[in-house]
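Input: a single structure, listed below in structure tokens.
Every read-out reported here was derived from the displayed coordinates using simple, explicitly stated rules and does not represent laboratory data. Quick caveat: nothing in here was measured; it's all calculated off a predicted structure. Heads up, the Cβs are rebuilt from the backbone with ideal geometry, glycines too, and the neighbour counts pull from every protein chain shown.
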Amino acid sequence: MTEPDFAAAALRAALSIDRTGAPGRRGAALLLLGYACDATVSELVALDVADLIPASSGLAVKIRRQDGARDDLMSLSPNRADPTNCVVAAVQELLCSLRAAGRTAGPLFVRTDGYAWVNKSPAQGKRPAYDPTGRLTAGAAANIAIRIGRASGIEFTCDWTRDRLRLCFSTATAS
């Protein structure tokens, strides 16, 4: 199996997660968007709802690249042949869930309590322990991807907090 074929197979396996709840929808959108946009976890968690622009052919995503030198506007088309692995559908499901919870602006990838969206930041002393908007940290997003991979029998050999998601899938191994 060639590297791109293995990466696609690893992504499909990872996306066999349960997407009926908030964590599954968030995980699917995180993996698919990261893979489609060739983004790092830091670039993904920096996305806001406003960075997603509906387009007649699907969705445009404004990615602020880590180097800070540029923003990329990525055009994403729906995958009608394979809706399970469709980045546009996964992002739209995530947005619907966020809207249903009253989140129409702010971070795209936010914390959950395992069932629903968490709107408040737990406090440690007098200051919040996390981003008060609920935004995931890069480390938390990386842990989500690693957990999804392990549940699907995939071990990643990359550094999720530094490397692009496409690279992580291409260097993954079946466990």
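Using 0.36 nm per residue of separation minus the Cα-Cα distance, give me the extension gain between residue 38 and residue 99 in nm, one decimal. Could the numbers behind the result be given before it?
Working: separation 61, 0.36 × 61 = 21.96 nm, distance 2.62 nm.
Taking residue 38 through residue 99 to full extension adds about 19.3 nm, to one decimal.
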Note: the range 40-93 at 25 °C, 0.890 mPa s; Kirkwood Rh on alpha carbon pairs; Stokes-Einstein D in µm²/s works out to 206
Taking the highest mean first, how do the peptides 53-59, 23-29, 135-141 order by number of other beta carbon atoms within 10 angstrom per residue? 23-29, 135-141, 53-59
